[in-house]
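Chemist: Please read through the structure below; I'll follow up with questions.
The values are calculated or read from the model by the stated rules, or taken from the named source; none is laboratory data. Predicted model only: the values in this text are computed from it and were never measured. Neighbour counts run over all protein chains shown; Cβ positions are idealised from the backbone, glycine included. Surface areas here come from the heavy atoms of the whole protein model, side chains and all, with no ligands, DNA or RNA. Shrake-Rupley method; radii C 1.70, N 1.55, O 1.52, S 1.80 Å.
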Amino acid sequence: MKIVIVGGVGGGMSAAARARRLDESAEIVVLDRGEHVSYASCGLPYHLSGEIPDAGDLLVQTPESLRAALDLDVRTRHDVVGLDTAARRLTVRTDAGTESLGYDALVLSPGARAVRPPLPGLDSPRVRTLRSIPDAVALRDRVDDGARRAVVLGAGFIGLEAAEALVARGLEVTVVELAPHPLPPLEPELATLVTDELERLGATVRAGVAASAVEPGADHDTVVLADGTRVAADLVVLSVGVRPDTEVFEAAGIACERGAIVVDPHGRTSAPGVWAVGDATLSTDAVTGALRPVALAGPANRAGRQVADAILRPEHARPVPPALGTAVVRVGELTAASTGANRAGLRAAGTAFHTLHLHPSHHVGWFPGAEQVHLVVHAAADDGRLLGAQAVGRAGVDKRVDVLATAIRARMTTADLVDLDLAYAPPYGAAKDPVNLAGMVGTNVLDGTLRLWYAEEVDDALATSLVLDVRSRAEFASGHLPGAVNVPHTELRDRLDEVAAAAAGRPVRALCGSGVRSHVAHRVLAQAGHDSASLSGGMLTLRAALGPRASDLLVTEGEPALA
């Protein structure tokens, strides 16, 4: 059996290593067009920042170490430029010329390449991507050579990691993102926290605007934005997305959709004897069923292992699971993480759902160092099945999102979250972990104990309802919605007649700081006969969702109507 693998790093090298462990007699050849076949691509921004001083530390394996440990024939600087699936032969361009290579089984792991939009000036030597070790070294060299101003085009995960790294090196950094906010898949009310942290670090964030050109200059380049803004740059990091690197294979007749290779549940392509894994393949979203590439290391590594099983022991091979897209990123002192579907994806799929906003501490509040976890969870409206989760905070974020990713994979419901037996000691969590609390809130919503209203409904609530702010008088004075009535939740039972008079038959929409006290108020109001609801996530979520509008809408003077 001769197995040829095109592309190393995550998916390709996982397939090669697993194949060798399954079959000592197989001839396994790995081809990669680059200098390095096994390196930690996710570590590139941290070499730029200086946290990983030596680029050599990013090399996981070398051709020599792979030959010694696994008897793999790894050939770098071998670029596949043609494929004949009928003859089962590859055309490979090398430094010595072009050669032909046959195979019995072929695994395609070509990955993705950076999108280069048709902007004038992108061929400037000051414009770089961050996809390889040479990219990271080149960017770091520019910083070491005295670059003081940087523009990062694109505020996805890699863009934000690059921006953080450059800020850490002391550069003036401007982040430009066409979407309304950084980390476009993140819900807006959480993305606001990321924007605030970037600005706290000293970066300038320009969201909702595109770059229109890069103007090269003698001493620096100038990035021109669509609104006419001109930003000087000693270096530009291009990070506006990636696309599958599949042209050669699509031209050979491998079925693709929007450039991504179509595979079956075991990684088989449309051609006999050809499998594919990683960023270049079309993945089915585990929650919505949408088809899209998933450019993440974890799914690529696992798929490589499972494809090797499908080739060498198909009777035992498990299918490659649909992707949840679980991801995490550090931005300054914050961590942002997500798993499953967001609101936009669920709405596009026509899925009915509830959204839950919580702001619990990452461990018990009475133990020193407690930090809030700003948590958003989406659950199916019919049965409470978990659909997606996102979190931002200074501590405990990755743990909670990992638990919720596991719960989504297991098709658990909000009621199941209530019953999870999670580790508790004061430095680590609480007897009611944030994950348990999300289950409790979701179950209350599902069974009608709790009814929610949302920050996006604030204008309608102000126009049609009595907005009842149940925070303390001091909290109310610090900023409240115009026309809101302040009745602290501890006084509500004794003042229901006043609330009824103020409502005058209108619905009552309660709010507090984070949604806990307004839930108590909602239960009092609902049992007194009011059309009541509690603001999901309270004023914390409302302020984040309003963003810059909060300073215009919220009132910080005047006496509360019923205080």
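Chemist: Once the piece of chain linking Val262 and Asp421 is laid out straight, how much longer is it, given 0.36 nm per residue of separation minus the C-alpha distance between them?
Modeler: Details: separation 159, 0.36 × 159 = 57.24 nm, distance 3.98 nm.
That pair, Val262 and Asp421, stretches by 53.3 nm at full extension.
Chemist: Hey, another quick one. Grab the Cα-Cα distance for Asp552 and Asp447, subtract it from 0.36 nm times how many residues apart they are, and report the gain in nm with one decimal.
Modeler: On the way: separation 105, 0.36 × 105 = 37.80 nm, distance 3.68 nm.
This chain segment gains 34.1 nm when fully extended.
Chemist: Right, here's the next one. Hey, what did segment 341-425 get for relative contact order, percent, Cα under 8 Å, at least 6 apart?
Modeler: Numbers: 126 pairs, mean separation 19.9, N = 85.
Reported relative contact order: 23 percent.
Chemist: So what is the relative contact order of segment 74-127, in percent, for Cα pairs below 8 Å that sit 6 or more residues apart? Kindly include the intermediate steps, with their values, before the conclusion.
Modeler: Details: 45 pairs, mean separation 11.1, N = 54.
Relative contact order of segment 74-127: 21 percent.
Chemist: Between Asp104 and Ala86, 0.36 nm times their residue separation minus their Cα-Cα distance comes to what?
Modeler: Numbers: separation 18, 0.36 × 18 = 6.48 nm, distance 1.14 nm.
Extra length from Asp104 to Ala86 when fully extended: 5.3 nm.
Chemist: If you average the C-alpha positions of segment 55-102 and of segment 181-221 separately, how far apart do those two centres end up, in angstrom?
Modeler: 38 Å
Chemist: Sticking with this structure for a sec: With every protein chain left in place, what is the accessible area per residue of the chain in square angstrom, probe 1.4 Å?
Modeler: Details: 23620 Å² over 563 residues.
Spelled out: the 1.4 Å probe surface of the chain, per residue, equals 42 Å².
Chemist: Right, something else. For Cα pairs less than 8 Å apart in space and 6+ apart in sequence, what is the mean separation divided by the residue count of the chain, i.e. the relative contact order in percent?
Modeler: Numbers: 1258 pairs, mean separation 60.5, N = 563.
Computed over the chain, the figure is 11 percent.
Chemist: Checking the a/c ratio against 1.5 first, then a/b against b/c, what shape does the Cα gyration tensor give for segment 479-559?
Modeler: Numbers: a/c = 2.08, a/b = 1.58, b/c = 1.32.
Prolate, because a/c is 1.5 or more and a/b exceeds b/c.
Chemist: What order do you get for 27-35, 447-455 when each peptide is scored by the mean count of other beta carbon atoms within 10 Å, highest first? Mind dumping the intermediate values first?
Modeler: Details: 27-35: 20.3, 447-455: 17.1.
Going by the mean number of other Cβ atoms within 10 Å, highest first, we get 27-35, 447-455.
Chemist: Okay, moving on. At q = 0.10, 0.19, 0.22 Å⁻¹, what base-10 log of I(q)/I(0) does the Debye formula yield for segment 19-128 when every alpha carbon is treated as an equal point scatterer in vacuo?
Modeler: Rounded to two decimals, the profile gives -0.43, -1.17, -1.29.
Chemist: For the chain, I need the span (max minus min coordinate) of the C-alpha atoms along each principal axis, in Å, sorted largest to smallest.
Modeler: 88, 63, 43
Chemist: Now for a different question. Would you mind checking the radius of gyration and Dmax of segment 263-359 based on alpha-carbon positions, in Å?
Modeler: 16.1, 52
Chemist: Rounded to the nearest 5, what % of the DSSP beta bridges within segment 1-88 are antiparallel ones? All intermediate terms of the calculation are to be shown ahead of the outcome.
Modeler: On the way: 2 of 11 bridges.
So the antiparallel bridges in segment 1-88 amount to around 20 percent.
Chemist: With a 1.4 Å probe and all protein chains left in place, how much of the accessible area of segment 491-542 comes from carbon and sulfur atoms, in whole percent? Walk me through the numbers on the way to the answer.
Modeler: On the way: 1030 of 2060 Å².
Here carbon and sulfur together make up 50 percent of the probe-accessible area.
Chemist: Shifting gears a bit: Counting only protein heavy atoms, what percent of the accessible surface of segment 78-228 is carbon or sulfur at a 1.4 Å probe? Walk me through the numbers on the way to the answer.
Modeler: Values: 3100 of 6210 Å².
Carbon with sulfur: 50 percent of the solvent-accessible area.
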